Amino acid sequence: MHRFLTTTALALAGFTTSTAVADTITVCASGCDFTRINAAINAASDGDVIQLSAQTYFQGNVIDTDGKAITLLGATDKGGNPASILDGAAGSHRVLQCINQEGADTIFENLVIRNGYATSGGGMYIDGSSPTLTNCTFTSNIASDYGGAMYNEDSSPTLTGCTFTYNTAYDEGGGMCNGDDSSPTLTNCTFENNFAGESGGGMYNDGCNPTLTGCTFTDNSAESGTGGGMSNESCSPTLT
């Protein structure tokens, strides 16, 4: 782990203070600070960056940021595509969750979240939290009920440049399901080839007010309900 400090001399007071800026914690198969992401999160403090290598991470259980204002930062390929893959091990568990009042300073960037499975939010489950996601791809995640890739409850995450593809919910919200009092903000996000057994192949909204700008919905489907691309119930979404 590498701690970076800034030092300010206070001449009038006659003393010096040191302020911790950030700790960079590395996680990879070998040669890094940790081999497991949750172990790195346990060691992290607010403001720290957990740097992942360009590899596939099979963690064996859900990755939980534990309410910390930290950045989970993946690598990218030459084209800027996320190259750090968080894998749910063929649907044996949910991949990510934020359930401890995480705010905008809890950041997920340059990650592929795939092959997760849960009752709701196979890829990511967010409850009472509002993290920030940038350049993340959710693919091949499954929920037996709601939100194949992502489920939001009383949460307002901010997503920029994220992709939802080939995710499935056997009930509602193949790509994303937004529950009561959720107001996520999505900019330049893509929903493609997601499937819901009931309604909202790409996105299902219930009692919430999402805001979408510059987003694309293509080839999503809902089998027995409504809204192949998006289904809204008691909602007032804003789409630009």
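Remarks
- Percent antiparallel among DSSP beta bridges (both partners in the chain, rounded to 5): 10
- Pairwise FRET efficiency - V21 versus T119, Cβ, R0 = 35 Å, nearest 0.05: 0.30
- Shape of the stretch 125-209, Cα gyration tensor, a/c cut at 1.5: oblate
- Residues whose amide H lies under 5 Å from that of A83, counting only those 5 or more places away or on a different chain, are A75, T76, D77; hydrogens are built 1.01 Å from N in the peptide plane.
- Distance-filtered residues of the stretch 39-64 - backbone nitrogen under 16 Å, label point 7 angstrom along A90 Cα→Cβ: 58-61
- In the chain, the calculated helix contribution to ellipticity at 222 nm averages -500 deg cm²/dmol per residue, counting -39,500 (n - 2.57) for every DSSP H run with n ≥ 4.
- For the stretch 19-129, the share of DSSP beta bridges that are antiparallel, to the nearest 5, is 5%.
- With contacts taken as Cα pairs under 8 Å at a separation of at least 6 residues, the chain carries a relative contact order of 10 percent.
- Cα-based shape type of the chain, given that a ≥ b ≥ c are square roots of the gyration tensor eigenvalues and the cut on a/c is 1.5: prolate
- Extension gain from S236 to A104, taking 0.36 nm per residue of separation minus the Cα-Cα distance: 45.2 nm
- Portion, in percent, of the accessible area of the stretch 100-166 that falls on carbon or sulfur, probe 1.4 Å: 41
- For the stretch 32-137, the square roots a ≥ b ≥ c of the C-alpha gyration tensor eigenvalues yield an a/c under 1.5, which makes the shape rounded.
- When the Cα positions of Y151, L133, C215 are compared along the charge dipole of the chain, L133 comes out farthest toward the positive end, with charges on each C-beta of Lys, Arg, Asp and Glu.
- Packing order of peptides 194-207, 153-166, highest average first: 194-207, 153-166 (average count of other Cβ atoms within 10 Å over each peptide's residues).
- Remark: the chain carries 42 Å² of accessible area per residue (probe radius 1.4 Å; ligands, DNA and RNA excluded).
- Here the label points at N188 and E223, each 7 Å from Cα along the C-beta direction, are separated by 3.6 nm in the simple model.
The values are calculated or read from the model by the stated rules, or taken from the named source; none is laboratory data. From a predicted model like this one, the values you see are computed outputs, not experimental measurements. Counting neighbours? That spans all protein chains shown, and the Cβs are built from the backbone with ideal geometry, glycine included. When the accessible area is computed, the model is the full protein with side chains, heavy atoms only, and any ligands, DNA or RNA have been set aside. Shrake-Rupley method; radii C 1.70, N 1.55, O 1.52, S 1.80 Å.
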